[in-house]
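Novice: Got a structure for you, questions after.
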Amino acid sequence: MNTTTDLEPIVYVVDDDASIRASLEDLLASIGLNARLFASTVEFMAAEREDTPGCLILDVRMPGMNGLDFLDSMAGAGIQLPVIFITAHGDIPMSVRAMKAGALEFLTKPFREQDLLDAIHQGLDRDRTRRETASAHSALLKRYASLTDGERQVMDLVVTGLLNKQIAARLDVSEVTVKVRRGALMRKMNADSLAELVKISERLK
């Protein structure tokens, strides 16, 4: 089974200048990275994106929606790719707005190729980490969903530090029942200790 670390990453390029798109494609190919090219944000949104680590190189000034406005709309569209801005017309307020909105880098043309490559590698690493975190959290939610209602009740009380006897009294069940449920939930949640179960409970919140 593929993991986040061995999936082939993709760098998406959105720029209305065909010569810039072509040169970036060549640059990325020279270091073995796949590129997908788009002339506008509309074209990018209409395309299907692979379920693989990636980052987005985005021009600021384009026909239709500009890059900065598009960055603002990405979260609502469920796009979490790290964004690297490139522009021939950058200024300080523009770069400040981009960075405050969560852009990874803001490069003014002509930029050093190495600066762009460094930003791309940083963006791909960041997206891999995000995907791994999301995958781990999804697995945790699945484990929690496998608990019975009774096991969840016991878990909620165990992590507050109550003893089995106290939990039994609180739930109006026998202490043996609490022990059985506690053992089952510890196995299902892959928790080897109370401290680990507490950490898991915090991550579920």
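Just so you know, all these numbers are worked out from the coordinates, no wet-lab data involved. Nothing here was measured: the structure is a model prediction, and the numbers come from that model. Because the Cβ atoms are built from the backbone with ideal geometry, glycine has one as well, and the counts that use them run over all protein chains shown.
Novice: What residues have an amide H closer than 5 Å to that of F106, excluding those fewer than 5 places away on the same chain, when H is modeled at 1.01 Å from N in the peptide plane?
Specialist: Distant-sequence amide H within range of F106: F85.
Novice: Nearest 10 degrees is fine. How inclined is helix 18-30 to the longest principal axis of the chain, computing both from alpha carbons?
Specialist: 60
Novice: Using θ = phi - 60° and the Karplus curve 6.51 cos²θ - 1.76 cosθ + 1.60, what whole-Hz ³J(HN,Hα) does each residue of segment 94-111 get, with Gly and Pro shown as x?
Specialist: 5, 5, 5, 4, 4, 5, 5, 7, x, 5, 6, 8, 9, 10, 9, 5, x, 10
Novice: Cut-off under 25 Å on the C-alpha distance; same-chain residues fewer than 8 positions from K142 excluded. Which lysines are left, in chain and number order?
Specialist: K179, K188, K199, K205
Novice: For the residue pair L163 and L117, what label-to-label distance in nm results when each label sits 7 Å from Cα along the Cα-to-beta-carbon direction?
Specialist: 6.5
Novice: Roughly how many Å is it from the Cα centre of segment 84-128 to that of segment 152-205, as a whole number?
Specialist: The distance from the Cα centre of segment 84-128 to that of segment 152-205 comes to 47 Å.
Novice: From a point 7 Å beyond the Cα of D69 in the direction of its Cβ, which residues of segment 31-57 have a backbone N at a distance under 16 Å?
Specialist: The answer is 40-45, whose backbone nitrogens lie closer than 16 Å to the label point.
Novice: Okay, next question. Under 13 Å from the 7 Å Cα→Cβ point of R143, by amide nitrogen: which residues of segment 185-205?
Specialist: Under cut-off, by backbone N: 185-204.
Novice: Also, quick follow-up: Can you compute the modelled spin-label distance between D192 and A77, with each label point 7 Å from Cα toward Cβ, in nm?
Specialist: Output for this residue pair reads 4.5 nm.
Novice: Still on this structure, please answer the following. For a quick check: with amide H placed at 1.01 Å from N, whose amide H comes under 5 Å from R36's, ignoring anything fewer than 5 positions away on the same chain?
Specialist: For R36, whose amide H was placed from the backbone, the distant partners under 5 Å are V11, Y12, V13.
Novice: How big is the chain on each of its three principal axes, counting only the C-alpha atoms and giving the largest first in Å?
Specialist: Here the Cα extents, ordered largest to smallest, are 74, 37, 29 Å.
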